[in-house]
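What follows is calculated from the coordinates using simple rules that are stated; it is not laboratory data. Since we're looking at a predicted model, the values are computed, not measured. Please note: Cβ atoms are built from the backbone with ideal geometry, for glycine as well, and neighbour counts cover all protein chains shown.
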Amino acid sequence: MMNEEYYNVNRSIRAGRFFTVCVLVLSFTLIFAVIIEFKGYPVYFFNLKAYTITSSSMEPDFKVNSLVIIKRGDFSDVQEGDIIAFKAAALGGKSALHRVVRVTSDGVYTMGDNGKHADNQLITRSEYIGKAVFHTNIFADYFTKLKKTDGVLVYFIFPLIALSAFVCAIKVLTDKKKPCKRQAVVFLIFKGPPRY
């Protein structure tokens with residue numbers, strides 16, 4: 001019985017450590033990607049890059065602030081109807097996402113799904129960034145809230161602190177052993193001082 005209990009505790013500790021390491025690696029990777037992106041260098045993981053839609057030109061399928069995954073590929077594979085990311089001259093070289101409406105030997109022409117006319121820019125191999133392979137509108141409202149003045153604080157940092165405090169409290173309250181000094185503060189907060 002004691003051996004099984006030790007194994008379960010040990011397995012739980014290893015799982016917790018593995019989860020913590022995974023979260024830390026993912027967090028540092030995302031922070032690194034954001035920093036590099038703000039410096040102006042494109043960041044790709046396995047030839048994939050995440051974008052958020054910044055305009056309503058592709059609505060209703062692509063809402064503002066929805067997430068799109070772009071895959072780098074060969075420009076010659078682009079076909080009519082594909083949704084591609086490209087460096088838009090009208091946006092000063094910033095990226096745009098539109099649907100290909102015409103393919104010519106010189107390049108392709110695009111148009112936003114919400115637009116009435118095709119874009120004037122002929123997109124060539126040099127402006128081509130990649131093809132959309134996945135998109136979701138699930139996080140669109142959340143990203144809209146994050147972009148507000150206090151959005152990161154209210155919708156990311158506070159919930160993260162609350163979740164951490166909740167997990168610590170659950171660990172302390174379910175721990176059968178005598179609480180250590182570090183846990184005493186959390187124990188006092190959630191259980192109150194000992195009563196005699």
Would you calculate the separation in nanometres between label points at residue 125 and residue 76, each defined as 7 Å from the Cα along the Cα-to-beta-carbon direction?
0.9
Given charges at Cβ of Lys, Arg, Asp, Glu: region 48-139 dipole, positive-most of 54, 98, 81
54
Which net charge results for the neighbourhood of residue 116, defined as the other residues with beta-carbon distances under 14 angstrom from its beta-carbon, given Lys and Arg at +1 and Asp and Glu at -1?
-2
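Using the structure shown, list the pairs from 71/171; 94/147; 94/116; 49/171; 49/145 with a Cα-Cα distance above 30 Å, or answer none.
On the way: 71/171 42 Å; 94/147 19 Å; 94/116 22 Å; 49/171 37 Å; 49/145 22 Å.
The pairs that break the limit, which is 30 Å between Cα atoms, are 71/171; 49/171.
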Residue 29 and residue 150 label points (each 7 Å along its Cα→Cβ direction) are spaced in nm at 3.4
What does the charge add up to near residue 65, with Lys and Arg as +1, Asp and Glu as -1, over the other residues with Cβ less than 12 Å from its Cβ?
+2
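Sorted by packing (mean other beta-carbon atoms within 10 Å per residue), highest first, where do 147-158, 45-56, 65-76 land? Let's see the in-between values first.
On the way: 147-158: 12.3, 45-56: 14.2, 65-76: 16.2.
Ranking the peptides 147-158, 45-56, 65-76 by packing returns 65-76, 45-56, 147-158.
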